[in-house]
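Here's the structure, in structure tokens; my notes come after.
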Amino acid sequence: RTGQFMRAIGFAYDWLYPSLSSKEGEWIIAELDRRGIQPYLKALASNTFWIASREPNNWMTCIVGGAGIAGMAFGADHPSSNNLTDLAVSRMEGYLNVLGSEGEHNESIGYSGAMRFPIEFFSVHRYWLGGGDNKLLSDQYRSFCNWYMHFIVPPGVNAPFGDSHLD
């Protein structure tokens with residue numbers, strides 16, 4: 001929830017920025033700092049499982065990516081913005097290493113949908129940088145998309161997502 005919360009508030013802050021009063025902007029930043037950023041930084045300091053794992057998973061993409069999006073949105077308005085963004089770039093780039101040579105993911109098909117978090121993150125990051133290298137054009141992403149499309153099933157068959165099973 002923390003990653004989703006930081007991501008959503010980051011998007012909202014960026015979109016609403018021109019219409020926010022300084023008091024409203026300060027309130028949003030203070031509350032996200034209290035309820036999202038500080039708990040996130042505390043979890044990082046404790047080397048929690050989603051940051052320490054040698055096999056990164058969907059938790060990391062959601063939490064670290066959400067923090068990075070908030071960091072980019074807040075910019076100079078929050079003192080940890082650059083750190084949040086820099087860590088997210090590093091971890092999200094590293095996350096691509098979970099993909100196999102044919103785009104296969106290290107988690108179930110349902111959880112492999114968490115690839116949307118790096119996709120969102122790198123889309124925002126490219127915009128934030130004002131252009132530049134488009135990481136989404138990499139062979140890794142293209143291979144993943146092809147692998148993911150192969151899980152479309154014929155009519156009458158339910159695809160298992162999340163923790164569910166075909167039976």
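How much length would be gained if the chain were fully extended between residue 101 and residue 136, taking 0.36 nm per residue of separation minus their Cα-Cα distance, in nm to one decimal?
Once the chain is fully extended between residue 101 and residue 136, it gains 10.9 nm.
Once the Cα atoms of helix 116-129 and of the chain are each reduced to a long axis, what angle between those two axes, in degrees from 0 to 90 to the nearest 10, is obtained?
Once rounded, the angle reads 40 degrees.
In whole percent, and with a 1.4 Å probe on the protein chains, what portion of the accessible area of the chain is carbon and sulfur?
55 percent
Using helices alone, I'd like the mean residue ellipticity at 222 nm for the chain: each DSSP H run of four-plus residues gives -39500 (n - 2.57), total over residue count, nearest 500.
The helix-only estimate for the chain comes to -18000 deg cm²/dmol at 222 nm.
Which value, in Å², gives the accessible area per residue of the chain when a 1.4 Å probe is used on the protein heavy atoms?
On a per-residue basis, the chain sits at 59 Å².
The values are calculated or read from the model by the stated rules, or taken from the named source; none is laboratory data. Model, not experiment: these values are computed from the prediction. The accessibility values were calculated without ligands, DNA or RNA, using every heavy atom of the protein model including side chains. Shrake-Rupley method; radii C 1.70, N 1.55, O 1.52, S 1.80 Å.
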